[in-house]
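I have placed the structure first, in the form of structure tokens, so that the comments after it can refer back to it.
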Amino acid sequence: MAPPSNPVNSILNRLRSSSLDQCFDLCKGKFSVKGCPLLHDVPSNVSFRPFSLVCNETESDAPFPLVQRVKALSHKGGFLGFNTDEPSDSVVNSLGRFTDRNFLSIFRFKTWWSTQWVGTSGSDLQMETQWVVLDVPEIKSYVIIIPIIEGGFRSALSPGNDGHVMIFAESGSSHVKSCCFSSIAYVHVSENPFNLMKEAFSAIRVHLNTFKLLEEKSLPSIVDKFGWCTWDAFYLTVEPAGVWQGVKEFADAGVSPRFVIIDDGWQSINNDGDDPNEDAKNLVLGGEQMTARLHRFEECDKFRKYKGGSFLGSNALSFNPQKPKMLITKAIEVEHAVKAHDKARQSGATDVSEFETKIKKLKQELDDMFEGEGSGLPNRNRESLDCKGDDFGLKALTRDLRTEFKGLDDIWMWHALCGAWGGVRPGATHLDCKVVPCNVSPGLEGTMPDLAVDKIVEGGIGLVHPSQADDFFDSMHSHLSESGVTGVKVDVIHTLEYVSEEYGGRVNLAKAYYNGLSSSLSKNFKGTGIISSMQQCNDFFFLGTKQISMGRVGDDFWFQDPNGDPNGVFWLQGVHMIHCAYNSLWMGQIIQPDWDMFQSDHVCAKYHAGTRAICGGPVYLSDSLGCHNFDLIKKLVHPDGTIPKCQRFALPTRDCLFVNPLFDNKSLLKLWNFNKYGGVIGAFNCQGAGWDGKVRRIIGYPECYKPVTGSVHITDIEWDQCMEAAAMGEAEEFVVYLDQAESLLLLTPKSNPIQVTIQSSSFEIFSFVPVKNLGPIVKFAPIGVTDMFNSGGTIQELDYNETGAAAARLKIKGGGNFLAYSNVAPKTCYLNGTEVAPEWSADGKLKLDLPWTEEANGISDVVFVF
């Protein structure tokens, strides 16, 4: 039977007639799920409406199968609302209280970044909580409460007294007020916590119709590749010669990046008091640029003056790879001198001339270093070059990079959502723009002090009028696209909420900007060329992700503690992993999680590499020039710049959901994921630091920084979450390979858990591979190339011959040591059609040395005949 002409509306119209019993009930101040009380003392002004009643009031462009799926589960969810006496632009109301019930939540600890929090009472929640999952063991289920968008308002949860859960709804404009909310939060119940996330965000997607799920979108081309980002190598001193040198170092070592991100420092920016047509000079450290504004959409002079061919051929210009570090070191000296001056003034000193003299001297030394080192162009040409046409500027640079480095597919550029950190300079472009003062939401009062926020509030935002958002983004992106740039990293996204007063509130302003961004992405970067960053708030996910399909799930990689704790170099790394792991639970429903870059020569680089190996996203570094650990990199990256990526994004195991792997002194962070022919668990010791709500920052807990013992089991992998993996989860026997221990175990689902002790800032990766019975005797299971952290990701194809002579046929990508389990030695082995002799031992280890053959893209054909 053919579907109706409008299947989505047909489905929605049938939602009211669902005969399934509703799971939730609100009666006499008690909110219950399947008869189990969840929230007590619910105020009389709070309402609950089943999903079917609310969703009928809107139309959805969601795909028909998605709407069908949501309809079938509509009895499991509904909406909370409330009314107040007086209209307001910001309203706080209790939803009821709970105590003595485990919860997992995500809250914003900065304007831009969110992280995990657990507790047992509504009073344990943090400000700006984006969602909370309640454990309901009485009915073997989980319930999620998600504050969402309604009309011109967005919402978040916060702690109340005596276990109360407060909801804070705000518009961001005194001109947008309301007193009536019928669907300001969504609630959903499921027996599986991972289904809970998928079902809940699917329902919200159908209801709001303002974003799309990850399953509806295409991924960026960089998702399964290796890359390099310039930020930590240069900060704001990035220049063409440095970019060239950086790519060359990787290529010379045999790990060519497939993408490069040229981060902050390439734009044409200046400050309000500067010559409106001149770039700000000699910027080095992050923070110096945060009050500057974009005065031109094209690249700044140091990129604009690049002459094509400067680094090609025998007469290529030279570059001092120590230059960036020397500039950064001197700039840090200046920064410390300024802080000493400010501290003296705050202490009451009346004569600070000595400090001022030192600052002046250091700044002059820094200026002299910039002048002396040059700009990557012959001295005689720097001022005289016309710098116009295809042989100059960014277009010439991207062309030369691709000419020299054949595998470099993508070159992306950084920019802030509003242009630069301080937006666009009024009068400098053809767009209607003005400096708008920043108003920070009361909900952010409990967040961490942040230099970026202070600087942005100090200078305001040069905001292009939202009616010109399409023109604004296209003006930036069309030039980049024409210059050979294939994507953008868009940062500083949540500044919009600071400047919405005159523009219809934060929801309306966000819609205008995100629609403009989406249109430009479709026009200039194939719709997918973007990483979203500094965006971890529900406004962005519910309003800005119709087109965007990848984004950061953690805060920045910090190689040391910016607050000065010398041990932060260690414990901050575990904090980063917690951010990424738990944010992936909700963000992964909407975007591909990106775990951010790290530095391969960092003291905890191997620790980071373990997470990136199984995270399921791109792997990219921010190594400084000449500072690489290529042995480590080659355990993550193939010589052609591809990576042995897992099949989906990594998530915390079920037994990690309601614990604190940062400072409870006992819990490991365990991540599960799938390879094509097996599952994987990563166990990480992240203990040693975490959020302190009293001081409003992340601090060290040194008493927790010690070895932790835990267990790993086959059932930690959620096999049913992937259709292709479900059958593997039914296997009667598994081989388990421990990457760090280099050991092989044979287990069944009934076996006891594997006990493991993980040292501080360390890890173990467990690859679970189903054992295949080939006839009555032979048992076989391929592990993969064990030179790689994610050995299972190297197996491209696997086929068994079970009739006649038993055989296993594999296609394996990667050079090095291939390992399989076999209870008997094979009679014959063929490698790329040639008979070879593998190594087999009585413990079942079957080994074969594989070549990397460039012509075959590193793929070897292997056949074992038994």
* Between a first residue in region 279-302 that is on the phi > 0 side of the Ramachandran plot and a second residue that is open to solvent by 20 Å² or more (accessible area, probe 1.4 Å), which pairs have beta carbons less than 8 Å apart while being 6 or more apart in sequence or on different chains? -> ASN282/ASP367; ASN282/PHE370; GLY287/LEU451; GLY287/LYS455
* To do: Kindly establish whether ASP655 is modelled with pLDDT of 95 or more, open to solvent by 10 Å² or more (accessible area, probe 1.4 Å), over 30 Å from ASN817 (Cβ atoms) and part of a helix (DSSP H, G or I).
  => yes
* Considering (1) assigned to a loop (DSSP other than H, G, I, E, B); (2) in contact (Cβ under 8 Å) with a residue 40 or more places away in the chain; (3) surrounded by fewer than 24 Cβ atoms within 10 Å (Cβ to Cβ), say which one GLN535 fails and leave the rest. => (3)
* **Every residue from region 817-839 that is of a type in the set (Gly, Ala, Ser) and open to solvent by 10 Å² or more (accessible area, probe 1.4 Å)** => ALA825, GLY833, ALA837
* Structure fact -> Selection from region 75-99 of residues crowded, with 21+ Cβ neighbours inside 10 Å and assigned to a helix (DSSP H, G or I) yields LYS76
* Can you find a residue in region 638-649 that is touching a Phe, Trp or Tyr at 6+ places or on another chain (Cβ under 7 Å), in a strand (DSSP E or B), open to solvent by less than 20 Å² (accessible area, probe 1.4 Å) and modelled with pLDDT of 95 or more? -> no
* To do: Taking the options GLY407, GLY427, GLY419, GLY423, name whichever one is on the phi > 0 side of the Ramachandran plot and either touching a His at 6+ places or on another chain (Cβ under 6 Å) or open to solvent by 10 Å² or more (accessible area, probe 1.4 Å) (or both).
  => GLY427
* To do: List the number of the failed condition for LYS813; all other conditions in (1) open to solvent by 50 Å² or more (accessible area, probe 1.4 Å); (2) under 26 Å from PRO639 (Cβ atoms) hold.
  => (1)
* Hey, any hits in region 755-774 for a residue that's among the polar types (S, T, N, Q), touching a His at 6+ places or on another chain (Cβ under 9 Å), in contact (Cβ under 8 Å) with a residue 12 or more places away in the chain and surrounded by 14 or more Cβ atoms within 10 Å (Cβ to Cβ)? -> no
* Would you call GLU445 closer than 22 Å to ILE548 by Cβ, assigned to a helix (DSSP H, G or I) and among the charged types (D, E, K, R)? -> no
* Asked: Before we move on, is SER173 open to solvent by less than 30 Å² (accessible area, probe 1.4 Å) and assigned to a loop (DSSP other than H, G, I, E, B)?
  -> yes
* Structure fact -> Scanning region 468-499 residue by residue, those in a helix (DSSP H, G or I) and aliphatic (A, V, I, L, M) turn out to be ALA469, MET476, LEU480, ILE493, LEU496
* Structure fact -> The residue that is farthest from the chain's Cα centre (by Cα), considering only those in region 255-271 that are open to solvent by 30 Å² or more (accessible area, probe 1.4 Å) and at pLDDT 95 or above, is ASN271
* Asked: Counting only residues that are surrounded by fewer than 20 Cβ atoms within 10 Å (Cβ to Cβ) and touching a strand residue (DSSP E or B) at 6+ places or on another chain (Cβ under 7 Å), how many does region 720-730 have?
  -> 1
* To do: Please work out if GLU215 is assigned to a helix (DSSP H, G or I), open to solvent by 30 Å² or more (accessible area, probe 1.4 Å) and among the acidic types (Asp, Glu).
  => yes
* Asked: Of everything in region 775-806 that's in contact with a strand residue (DSSP E or B) (Cβ under 6 Å, 6 or more places away or on another chain) and of a type in the set (S, T, N, Q), which residue is surrounded by the fewest Cβ atoms within 10 Å (Cβ to Cβ)?
  -> ASN801
* Within region 692-710, can one find any residue that is free of Cβ contacts under 8 Å to residues at least 40 places away in the same chain and among the aliphatic types (A, V, I, L, M)? -> yes
* Can you pull out the residues in region 500-524 that are open to solvent by less than 20 Å² (accessible area, probe 1.4 Å) and assigned to a loop (DSSP other than H, G, I, E, B)? -> SER500
* Structure fact -> In the set ASP470, ASP450, the lone residue that is under 29 Å from the mean Cα position of the chain (by Cα) and modelled with pLDDT under 95 is ASP450
* To do: Looking only at region 326-342, decide whether some residue is open to solvent by 90 Å² or more (accessible area, probe 1.4 Å), at pLDDT 90 or above and farther than 30 Å from ILE531 by Cα.
  => yes
* Verdict on ASN277 being in contact with a strand residue (DSSP E or B) (Cβ under 8 Å, 6 or more places away or on another chain) and at pLDDT below 95 -> yes
* Is region 779-791 home to any residue that is small (Gly, Ala, Ser) and touching a helix residue (DSSP H, G or I) at 6+ places or on another chain (Cβ under 6 Å)? -> yes
* Which ones in region 759-787 are of a type outside the set (A, V, I, L, M), over 29 Å from HIS608 (Cβ atoms) and part of a loop (DSSP other than H, G, I, E, B)? -> GLY775, PRO776
* Are there any pairs with C-beta distances below 8 angstrom linking a residue in region 816-834 that is farther than 20 Å from PRO644 by Cα to a residue that is among the hydroxyl-bearing types (Ser, Thr, Tyr) and open to solvent by 10 Å² or more (accessible area, probe 1.4 Å), with the two at least 6 apart or on different chains, and if so which? -> ASN832/THR853
* **Some residue of region 436-449 being on the phi < 0 side of the Ramachandran plot, in contact with an Asp or Glu (Cβ under 7 Å, 6 or more places away or on another chain) and open to solvent by 50 Å² or more (accessible area, probe 1.4 Å)** => yes
* Structure fact -> Here the qualifying pairs (Cβ atoms under 7 Å; residues six or more apart or on different chains; first in region 645-661 and farther than 17 Å from LYS140 by Cα; second among the polar types (S, T, N, Q) and assigned to a helix (DSSP H, G or I)) come out as PHE649/SER584; ALA650/SER584; LEU651/SER584
* Structure fact -> Counting only residues that are touching a residue at least 24 places away in the same chain (Cβ under 8 Å) and surrounded by 13 or more Cβ atoms within 10 Å (Cβ to Cβ), region 731-750 contains a total of 13
* **Exclusive hit being surrounded by 22 or more Cβ atoms within 10 Å (Cβ to Cβ) and part of a loop (DSSP other than H, G, I, E, B), set GLY574, GLY554, GLY564, GLY527** => GLY554
* Neighbours by Cβ (under 9 Å, 6+ apart or cross-chain): first from region 197-208, over 13 Å from PHE542 (Cβ atoms) and crowded, with 24+ Cβ neighbours inside 10 Å; second of a type outside the set (D, E, K, R) and modelled with pLDDT under 95 -> none
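The values are calculated or read from the model by the stated rules, or taken from the named source; none is laboratory data. All values reported here derive from a predicted model rather than from experimental measurement. With ideal geometry, Cβ positions are generated from the backbone for all residues, glycine too; neighbour counts draw on all protein chains shown. The accessibility values were calculated without ligands, DNA or RNA, using every heavy atom of the protein model including side chains. Shrake-Rupley method; radii C 1.70, N 1.55, O 1.52, S 1.80 Å.
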